[in-house]
Structures are given as structure tokens and as C-alpha cells.
Amino acid sequence: MRIGFIGLGRMGSGMASNLIQAGHQVAVYNRSPEKAAPLVALGATAAQSVAEACRGEAVITMLADDPAVESTVFGDEGIRASLAMGALHVSCSTISVELSRRLAEAHAHASQRYVAAPVFGRPEAAAAAKLFVVACGAPDAVEAAGLLLAAIGQRTFVMSTQPEAANLVKLSGNFLIASVIESLGEAMALVGKGGIELPAYLDFLTSTLFTAPVYRTYGALIAEGRFEPAGFAAPLGQKDIRLALAAAEDLRVPMPLASLLRDRFLTLLAHGGDALDWSAIGQLAAEAAGAKPRA
């Protein structure tokens, strides 16, 4: 399939690479054009603009936040203005429920198709095509996106014909991951101050009570104080909790733990943690207990 891929951060680069290796003709675009070079070496074409990346049957976006997606889609030479009638926009970005709803309406008015397909997984999973994808949209659009999503992930979950539902699921998932990070940080602060070695404690936890990968991944990062380079930067974590709270307010769902997590991220950022992985909030409890930072 002839596709464009917009957004070549650590996640997007891995995803675009797998699409190339799956045999798709991929035109890549990024605001920092030097990020396209490794993908061009694999066989991609470097698009010089968003409009140029929209000349195929589909375009995939993997961008940081609502403002980046809005400017890319709604600009004078953006996706909505450049994509052909009947062509497909697959948004893999973690964005607000409200923006996803607006994207669906805008593409429908332009006789274009839209699928919201946010992904779960860190950059190493993106590079290995091991992401989990939540895809929502009109059945024909989701079907058209199927081969593309199969190239970037190990499984796609279809939950609704309303695209914004995928973004609600994604925000809820990131809320749960942040909750795990916070609870791990507090538990490790407790046992660590009590003299227990954190690697041994983590081995116990992940071999018995909590065997899910999220505990292994984030428990190791916290135990080792390994927060750089950021696989998922702290400001993005703060953004996702803020968007989850916005969705909760709209639906009138109290989320007191999410409010706590918002404050944890704000504390981390207020102390200069912008370049750290979002798992660095897991160190705040130890610091509050007087422990020396493990980073």
C-alpha cells in the first residue's frame, strides 16, 4: 500500500521501519527532517511536507499531543486539505477524546476515512513490531487499516465504531500504568528504607504476586533509577493524566487517584524532570522518605 507516515520520534521511527519491511511504499515526514534519513536508507521516500506525505491511500500520524495533531491535520496544507476522498487517516497518537471526535467529523465532511488506533508499548516494542493496538472507527475503515496495523503490532483490539472510544481506552490504560508506577515507588521506598535490597524485592514481586510485564519493566526502572534516556518522557505522562481527567470530568466520573498522579507529575516537572522517563515519579516517595536518588 502507498502510505505516508508523519511523526518520527522514537515510537514513530520504529513503526515506520516495520511498515517498510512489510513491503509498503512509505513516504515519511517529520518537522526535523534529519530523522527521516535512517528510514530513507531502508527504502522510504522523504516527503518535504505534510501534503506530500498524503498522496497515497493512507496516512499514519504518530505525534506528541493535541496541538501537534491539530496543526498537522487542520493546517492549510494539512492532512484534511491534502488527503484524497476515500483515503484513510490512521491516528496512533495519544490525544484527547474531544479532538479524536473532531477529527472523525472533519474527515467525514471531507469524504475521507478515519481510524483512531493508539498503541500500547515502549520504543523497544515499536521497533520489534510488538505493540498492542486499540482501533476504533467505521468497520470498512478499520478493515482497510488492518494490514498496516498488523505490520506494527502483535495484536489489534477493535472495540467500537466510534473512533474516540479508542482514545478513551488508551487514556485509561496510561492511567493504570501510572498507578502501577506510583504504587511500586511507594512500596520500594518502604522496603528500601527498611534495608531490603530492591532487586531481590522486585524478583519476589514479579515471580509471585505481580507477574505482568508492566511490573517487570517499570519495577526495574525504579529499582535501578534508570530514567534516562526517556522511553516515554515525563511531560507526556503528565499530559495523558490531564487528558484522562478531562474525559472523566466530561463523563462525570470521579478519579481521585488520577488527581494524585497529576500532582506527582507536576512535582517531578517542577523539580526539573522534563527529560526523565515518566517512571521517575516512582522515585518521589523514596526522596520524600529521605533516601538518596538512585539515578
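Points worth noting:
- Residues that are touching a Gly at 6+ places or on another chain (Cβ under 7 Å) and of a type in the set (A, V, I, L, M), drawn from region 4-24: Ile20
- Filtering region 134-149 to residues that are part of a helix (DSSP H, G or I), free of Cβ contacts under 8 Å to residues at least 60 places away in the same chain and under 18 Å from the mean Cα position of the chain (by Cα) leaves only Leu149.
- The set of residues in region 21-45 being surrounded by fewer than 16 Cβ atoms within 10 Å (Cβ to Cβ), free of Cβ contacts under 8 Å to residues at least 40 places away in the same chain and either of a type in the set (Phe, Trp, Tyr) or not in a helix (DSSP H, G or I) (or both) consists of Gly23, Gln25, Arg31, Ser32, Gly43.
- Residue that is surrounded by the most Cβ atoms within 10 Å (Cβ to Cβ) [pool: residues in region 46-66 that are farther than 30 Å from Ala247 by Cβ and in contact (Cβ under 8 Å) with a residue 24 or more places away in the chain]: Ala47
- Some residue of region 75-83 being assigned to a helix (DSSP H, G or I), over 19 Å from Val50 (Cα atoms) and out of contact with any strand residue (DSSP E or B) (no Cβ under 7 Å at 6 or more places or on another chain): no
- Test: residue in region 252-263 that is within 21 Å of Arg122 (Cβ to Cβ) and part of a helix (DSSP H, G or I): yes
- The residue list Glu287, Glu249 contains one member that is without any contact (Cβ under 8 Å) to a residue 12 or more places away in the chain, out of contact with any strand residue (DSSP E or B) (no Cβ under 8 Å at 6 or more places or on another chain), surrounded by 15 or more Cβ atoms within 10 Å (Cβ to Cβ) and not aromatic (Phe, Trp, Tyr), which is Glu287.
- Only listed residue being closer than 25 Å to Glu124 by Cβ and of a type in the set (Asp, Glu), chosen from Glu228, Glu197, Glu287, Glu249: Glu228
- When Thr206 is tested against (1) in contact with a Gly (Cβ under 7 Å, 6 or more places away or on another chain); (2) over 25 Å from Ala230 (Cα atoms); (3) among the hydroxyl-bearing types (Ser, Thr, Tyr), only condition (2) is not met.
- If the condition is being assigned to a helix (DSSP H, G or I), farther than 21 Å from Ala258 by Cβ and not charged (D, E, K, R), then region 222-237 contributes only Ala223.
- Hey, Lys170 over 26 Å from Val253 (Cβ atoms), at pLDDT 95 or above and basic (Lys, Arg) or not: no
- Residues satisfying the stated conditions in region 84-105, i.e. part of a loop (DSSP other than H, G, I, E, B) and crowded, with 17+ Cβ neighbours inside 10 Å: Ala87, Cys92, Ser93, Thr94, Ile95, Ser96
- Out of Phe175, Phe157, sole residue that is within 16 Å of the chain's Cα centre (by Cα) and assigned to a strand (DSSP E or B): Phe157
- Each residue in region 20-63 was checked for being polar (S, T, N, Q), under 13 Å from Leu148 (Cα atoms) and either in contact with a Leu (Cβ under 9 Å, 6 or more places away or on another chain) or not assigned by TED's automatic domain parsing to the domain that holds Arg113 (or both), and 1 pass.
- Sole residue being touching a helix residue (DSSP H, G or I) at 6+ places or on another chain (Cβ under 8 Å) and either over 29 Å from Tyr218 (Cβ atoms) or modelled with pLDDT of 95 or more (or both), chosen from Ala141, Ala110: Ala110
- Only a single item in (1) outside the structural domain of Ala258 (by TED's automatic domain parsing); (2) at positive phi; (3) exposed (fewer than 15 other Cβ atoms within 10 Å of the Cβ) is not met by Ala108, and it is number (2).
The values are calculated or read from the model by the stated rules, or taken from the named source; none is laboratory data. What you are looking at is a predicted structure, and each value in this text was computed from that prediction instead of being measured. Don't worry about glycine lacking a Cβ; one is built from the backbone with ideal geometry, like all the others, and counts go over all protein chains shown.
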